[in-house]
1. Identify, please: which residue in the stretch B:66-108 is surrounded by fewer than 16 Cβ atoms within 10 Å (Cβ to Cβ) and in contact with a helix residue (DSSP H, G or I) (Cβ under 9 Å, 6 or more places away or on another chain) and is, among those, nearest to B:Ile118 (Cα to Cα)?
2. Would you call A:Phe162 under 21 Å from A:Ile264 (Cβ atoms), within 24 Å of the chain's Cα centre (by Cα) and at pLDDT below 90?
3. Can you tell me which residue within the stretch A:94-105, out of those that are outside any loop (DSSP other than H, G, I, E, B) and modelled with pLDDT of 85 or more, is farthest from the chain's Cα centre (by Cα)?
4. Do you know which residues across the stretch B:77-107 are among the aliphatic types (A, V, I, L, M) and either facing another protein chain (nearest Cβ under 9 Å) or within 16 Å of the chain's Cα centre (by Cα) (or both)?
5. Considering each residue of the stretch B:86-117, count those that are touching an Asp or Glu at 6+ places or on another chain (Cβ under 9 Å), modelled with pLDDT of 90 or more and under 15 Å from B:Gln159 (Cβ atoms), and give that number.
6. Within the stretch A:196-210, does at least one residue satisfy the condition of being touching a Ser or Thr at 6+ places or on another chain (Cβ under 7 Å) and within 14 Å of chain B (Cβ to nearest Cβ)?
7. With respect to the numbered conditions (1) of a type outside the set (Asp, Glu); (2) surrounded by 12 or more Cβ atoms within 10 Å (Cβ to Cβ); (3) touching a Phe, Trp or Tyr at 6+ places or on another chain (Cβ under 9 Å), which one is the sole condition not fulfilled by A:Leu27?
8. Can you tell me which of B:Val276, B:Val239, B:Val244 is in contact with a Gly (Cβ under 8 Å, 6 or more places away or on another chain) and of a type outside the set (Ser, Thr, Tyr)?
Amino acid sequence: MLTFTIRRLLLAIPTLLFISLVIFLLLELAPGDPMAQVPLTVPPEVKERMREALGLGEPVHVRFWKWLVQFFWVEPLHLIDNLFGTALAEGQQRVISWQSRSPVMDIVAQRIPQTLWVVGVAYIVAILIAIPIGVYSAYRQYSWFDQAGTFITMVGFSVPPFFSGVLVIVIFSVNLGWFPSIYDTTHEVNDWDSFVVQLKQMIMPVMVLALQITSQISRFMRASMLDNLGQDYVRTARAKGMTERVVVLLHVLRNSMIPVVTVIALGIPAIFGGAIITEQVFKVNGIGQLLITAIQANDLPMVQTLTFIFAVLIVLFNLIADVLYGILDPRIRYD
Amino acid sequence: MPDGALPVLDVKELKTVFRTRRGEVHAVNSVSFDLKPGELLGVVGESGSGKSVTMMSLIGLLPSPPAEVRGGQVMFGDQDLLQADDDTLRAIRGARIGFVFQDPMTSLNPVFTVGFQIMEPLRKHMGMDKRAARVRAKELLELVGIPDAASRLTDFPHQFSGGMRQRVMIAIALACDPQVLIADEPTTALDVTIQAQILELVKDLRQKLGMAIVWITHDLGVIAGIADRVIVMYGGQIVEHAPVKELFGNPQHPYTRALLETVPAMHGDRADRLRVIQGQPPVLAGPPDACPFRARCSHRFERCDRENPPRVPCGPAHDTACFWDPATGGPRHV
């Protein structure tokens, strides 16, 4: 397993370099001008000088190389500086957002907590709800519980968050007035009351996201349980006189979790990617919202860096999913 | 086996139906048999004849719905298993009645070690702690002839071959010293040499441990080698029942006779074609009010379409459910 992991990590390096090149070239090909927002009164030659100041005058390979050095060398050094108080990265150019003229990674670090709070909590809530639902639906297949579960998950799966989000805002904020319709990013939690406020503003976005994720995972769980409930080893466990609890929650669940854990692990990068639409609906200043505004403003370093971070997470969690698979299923041996 | 000993298992008029969308399927139809202590009872019949369903019905292993045990009585000692609640049945399954199933490749849970799976019934039924159960599990693996038993306890099922897995299944079934072992086609999925090894093992274990065995198979050769008594099943019913020598020497039911003819001969003319029984096994929909074998029977009477023949004695400890008498070639007086 260790050799497998190391081999996969080494293989990830060329993969990620290639991905970063593709992202860079795609953004290069995309139309758009970072000076588009500058007022028309600014003369064209000034605009041209501003472009050059952003480095746009350089050839493509030079700009790509500079981004690589900044992202893979300067930013990690800067992180070490921050953690240990050293000065390794002093005076070196970091990846700078064209929009705000501040380092991209600093902005990301500001936004990540918002996203993790809302989307991460939604993911955890969804898993905690989905697994029992999936298990019970499969165990009592075609019961009223299963039928109701199937209906609700189909609805949850097919209703997009820009609809369900607005719907819960209308119901719970406008009509009932229970929760604020806008997520206040600047809110700080420092005592019980402010924690309650934080909870209240989280409930609706978490609910909307959790509905979708629950639908997905509970379907997976149900299908996986159904696969396993019909297996011969289940009959063997019953023939040994094991209680239904042991049969279902030990023998069947342990086998059924193998594919589900993989799906859950593969879904984690999406948490960091934020929920672009849900963040928009509830005005959460998260990563998804950051990406959208960066795209609109032609802030290429920001878009490039964010997209690449998602790529890293996806590669990483693919590896984690594979390793988990090997740990959970004794039949899988990578070495 | 002492004659007249009280049967360890006494099944009377067992009826099981499956509810399907297209009506009820009568999978087990008034099946009665008994099993004496230490005896090996062979159950033969083709696929779908109700052999396995009968044995599963006894002990509540059929999924319900769609299966439903409609009636009858299953006396195990002085307890009627059909009246017993789930907890009682669970306490009997795996402890006093052990099971071995057909396919050893899928009958063990792939994610738990073999040791864990053997120790499970020991800890549940015998109340052993982990250490005692481990010692016993090692003994059991040695008993079923798995070399290097102690170290193999921590192996997973996929690290065993098919024959070895079936030995593990037998070890699990025997873990709590059951009075009855139900073996549901335990050698069907194995190749012939491994099959012979498993048969030898079971014969040997039976002598050592003295439990009664129900051996379900469709292989008459296997039955001839190990059984004391034989039940022949067809269409969810018992059509013939006799001691093994009597059955092979003096088969009464046309189905039994046809089955015996399908066994390929080891000696004699090579040109002899493989015999088959013409036709398909019956679909068991609708109430059983005619002989289930009538469509494929070469000695069919008009009466066979109207009445389901009852089991009638036709020799010492021998009975059959047929209106045709092979001795006279005419109708049997029932």
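The values are calculated or read from the model by the stated rules, or taken from the named source; none is laboratory data. A quick note: this is a predicted structure, and the numbers were derived from the prediction, not measured. Glycine gets a Cβ as well: all are built from the backbone with ideal geometry, and neighbour counts include every protein chain shown.
1. Looking at the filtered set, the residue picked out is B:Ala91.
2. Values: under 21 Å from A:Ile264 (Cβ atoms): no; within 24 Å of the chain's Cα centre (by Cα): yes; at pLDDT below 90: yes.
In short, no.
3. Quick first cut of the stretch A:94-105, residues outside any loop (DSSP other than H, G, I, E, B) only: A:96, A:103-105.
Filter once more, keeping what is modelled with pLDDT of 85 or more: A:103-105.
Working: A:Pro103: 22, A:Val104: 18, A:Met105: 17 Å.
Out of the qualifying residues, it is A:Pro103.
4. Looking only at the stretch B:77-107, we keep the residues that are among the aliphatic types (A, V, I, L, M), and these are B:81-82, B:84, B:89, B:91-92, B:95, B:97, B:100, B:105.
Hits for the stretch B:77-107 are B:Leu89, B:Ala91, B:Ile92, B:Ala95, B:Ile97, B:Val100, B:Met105.
5. Going through the stretch B:86-117 one residue at a time, the tally reaches 7.
6. Here is the first cut: in the stretch A:196-210, the residues touching a Ser or Thr at 6+ places or on another chain (Cβ under 7 Å) are A:205, A:208-209.
So of that shortlist, the ones also within 14 Å of chain B (Cβ to nearest Cβ) come out as none.
No, that holds for no residue.
7. (3)
8. Values: B:Val276 fails: in contact with a Gly (Cβ under 8 Å, 6 or more places away or on another chain); B:Val239 fails: in contact with a Gly (Cβ under 8 Å, 6 or more places away or on another chain).
Testing whether each residue is in contact with a Gly (Cβ under 8 Å, 6 or more places away or on another chain) and of a type outside the set (Ser, Thr, Tyr) leaves just B:Val244.
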